[in-house]
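The values are calculated or read from the model by the stated rules, or taken from the named source; none is laboratory data. No experiment lies behind these values; they were computed from the predicted model shown. Glycine gets a Cβ as well: all are built from the backbone with ideal geometry, and neighbour counts include every protein chain shown. Just the protein is used for accessible areas: all its heavy atoms, side chains included, with ligands, DNA and RNA removed. Shrake-Rupley method; radii C 1.70, N 1.55, O 1.52, S 1.80 Å.
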There are 2 protein chains.
Amino acid sequence: MTVRFLALYETPTDPDTFDRHYREVHVPLGRRLPGLRRYTVGRNVAAVRGEGPYHLVAELEWDTMDELRAAFASPEGRAAADDAARLQELAPVRSMIFVVEESVG
Amino acid sequence: MTVRFLALYETPTDPDTFDRHYREVHVPLGRRLPGLRRYTVGRNVAAVRGEGPYHLVAELEWDTMDELRAAFASPEGRAAADDAARLQELAPVRSMIFVVEESVG
């Protein structure tokens, strides 16, 4: 089983400041989250349908929803959430959690 | 290397019709795409930040961007794109492609 946290950031007013903060501050905070199995970031995002692509697509994976929730509630999780609030000032975000269901693999 | 196609569907006016069409028509079309490595769908999606969660989060993976582009250009890809246009009548979609960059894992 895999559960995923997906964060989608719109294009920031100041992409350089956003990218630097994300890379230098937010990624290190995310890496410390307990039980984290995988942390990926989308590069060279290009739209296919609908509105333009998101500026940044980040996905963090845990084995179970309980472990994800424990990570979010931990001191490391609260530090990452505080920094996510700062990032949200730089670019609108839409984030969500879900269970990953395999359709083929 | 992994490249991903990410499709995010807003809540449909008629979720039952959308879900049935997605499951019975669109997933089988997607599974036929040449070179597809993984096809996952998000279940029990719950919002964390920003607007409500998307109704459906679908992710399809290939090894390279060339293989993804070849799959989209194939007869199977055109059939899936035609059906995606039908799905878009049932729920607004925002879809994109990107290279998956590992931050940890």
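With solvent modelled as a 1.4 Å probe, how much accessible area in total do chains A and B shield from it at their shared surface, in Å² to the nearest 100?
4100
How many angstrom lie between the Cα centre of the stretch A:17-83 and the Cα centre of the stretch B:14-57?
Here the two parts' Cα centres lie 21 Å apart.
Per residue, how many Å² of accessible area does the stretch B:2-100 show with a 1.4 Å probe?
45
Between rounded, prolate and oblate, where does the stretch B:46-94 land on the alpha carbon gyration tensor, with a ≥ b ≥ c its root eigenvalues, rounded for a/c under 1.5, else prolate if a/b exceeds b/c?
oblate
Along the positive direction of the dipole of the protein assembly as shown (beta-carbon charges: Lys, Arg +1; Asp, Glu -1; about the Cα centre), which of A:33, B:91, A:46 reaches farthest?
Checking the options against the dipole of the protein assembly as shown, the answer is A:33.
Run the helix sum for chain A: -39,500 (n - 2.57) per DSSP H stretch of 4+ residues, divided by residue count, reported at 222 nm to the nearest 500 deg cm²/dmol.
-10000 deg cm²/dmol
Please give me, ordered by residue number, the trypsin sites (Lys or Arg not before Pro) of the stretch A:29-105 that lie in loop per DSSP and have at most 16 other Cβ atoms within 10 Å.
A:32, A:37
Using a/c under 1.5 as the rounded threshold, could you call the stretch A:2-100 rounded, prolate or oblate? The axes a ≥ b ≥ c are square roots of the C-alpha gyration tensor eigenvalues, and prolate needs a/b larger than b/c, oblate otherwise.
Note, shape of the stretch A:2-100 comes out oblate.
To the nearest 20 debye, what is the magnitude of the charge dipole of the protein assembly as shown about its Cα centre, counting +1 on the Cβ of each Lys and Arg and -1 on the Cβ of each Asp and Glu?
For the protein assembly as shown, the charge dipole is close to 220 debye.
Please label the shape of the protein assembly as shown as rounded, prolate or oblate, based on the square roots a ≥ b ≥ c of the eigenvalues of the alpha-carbon gyration tensor (a/c under 1.5 means rounded; beyond that, a/b larger than b/c means prolate, else oblate).
Cα axes put the protein assembly as shown in the prolate bin.
How far apart, in nm, are two points set 7 Å out from the Cα along the Cα-to-Cβ line at residue B:65 and at residue B:13?
Output for this residue pair reads 3.8 nm.
How much FRET efficiency would the formula 1/(1 + (r/R0)^6) give for residue B:2 and residue B:86, where r is the Cβ-Cβ distance and R0 is 25 Å, rounded to 0.05?
Calculated transfer efficiency: 0.35.
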